[in-house]
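Following: one structure in structure tokens, then a few remarks.
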């Protein structure tokens, strides 16, 4: 099936979970990433149960500090 | 109050814009913007706002200028090393534009002082480098119903979002609580390209100017991400459902400001 990850269209296997996608995409520090699917938050702790579907659009939102110091 | 001949000349490139005009320039001169953190983000934001003639600029930072700051914190000069950052920032802004009244806060922001500091300002710029401060600014702005610009920078990446009360998600809607100490690297640990502060801090100044003028579309409901290596900006839509947020939601569980523990390696710097 086709999904969109961070704006890029990708072919992935049917039934892929958010948890597996996080691994496949080499997400840095996955325990602190915020994930949205089709503009809805995926609750942290539910990535294993969150099954993706054809046409889904996934975004990873990362903590970013920086600024002063 | 009419603009003086000198002001008409100084701000002529603003005044000629149909979105600004003399009326908009007077709005800028009457506006009050608070910048928290006189560092990589706060430096360019403060300089562009001072040059633009924002009449009152507050700047908060407890730190002194360090030699390692000068690679990106362009409001400070080599001669300023050792000086309080707010003092150095004030001198630069006042030298740029005598129209600007700079108010300095040489202190850490915390749950005890932030509401009192932000209450007189129209717009707040978060130029801090640590998550406890970012969550504190978010929560305080939500509680005090103040608009603010969040930003973060690290390595070759930056992010930005704007919160306006009642117009979409706050920072805590997206990032529920600060990561544990040292879990997410700081600029000190991971490095940052100096110009990144220029790009993202200037965008924060742009959001403040648009908010004051009441023109265009603010970055509410979106997180703008910038990847300098790929030279790619992305405007990522954020979920619009804020009902369950712990601070800006319908039934907030956070009703008092929280002083989270700060990463030790951050030292004292805002």
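Points worth noting:
- Qualifying residue in region B:120-132 (condition: more than 13 Å from chain A (Cβ to nearest Cβ), modelled with pLDDT of 95 or more, in contact with a helix residue (DSSP H, G or I) (Cβ under 7 Å, 6 or more places away or on another chain) and surrounded by fewer than 24 Cβ atoms within 10 Å (Cβ to Cβ)): yes
- Residue check, residue B:115 part of a helix (DSSP H, G or I), touching a helix residue (DSSP H, G or I) at 6+ places or on another chain (Cβ under 7 Å) and surrounded by fewer than 22 Cβ atoms within 10 Å (Cβ to Cβ): yes
- Candidate set: region B:133-152, residues that are within 10 Å of another protein chain (Cβ to nearest Cβ) and outside any helix (DSSP H, G or I); chosen: the one farthest from residue B:232 (Cα to Cα): B:150
- Only listed residue being free of Cβ contacts under 8 Å to residues at least 40 places away in the same chain and touching a helix residue (DSSP H, G or I) at 6+ places or on another chain (Cβ under 6 Å), chosen from B:81, B:33: B:81
- Here B:238, B:223 are screened, and the one residue that is modelled with pLDDT of 95 or more, under 23 Å from residue B:33 (Cβ atoms), within 13 Å of chain A (Cβ to nearest Cβ) and in contact with a strand residue (DSSP E or B) (Cβ under 7 Å, 6 or more places away or on another chain) is B:223.
A quick yes/no check of all residues on (1) under 30 Å from residue B:181 (Cβ atoms); (2) in contact with a strand residue (DSSP E or B) (Cβ under 6 Å, 6 or more places away or on another chain):
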{"site": "A:8", "(1), (2)": "no, no"}
{"site": "A:31", "(1), (2)": "yes, no"}
{"site": "A:36", "(1), (2)": "yes, yes"}
{"site": "A:44", "(1), (2)": "yes, no"}
{"site": "A:65", "(1), (2)": "yes, yes"}
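- Filter pass, residue B:236 being under 17 Å from the mean Cα position of the chain (by Cα) and free of Cβ contacts under 8 Å to residues at least 60 places away in the same chain: no
The values are calculated or read from the model by the stated rules, or taken from the named source; none is laboratory data. Being a predicted model, the structure only gives us computed values, none of them experimental. Neighbour counts run over all protein chains shown; Cβ positions are idealised from the backbone, glycine included.
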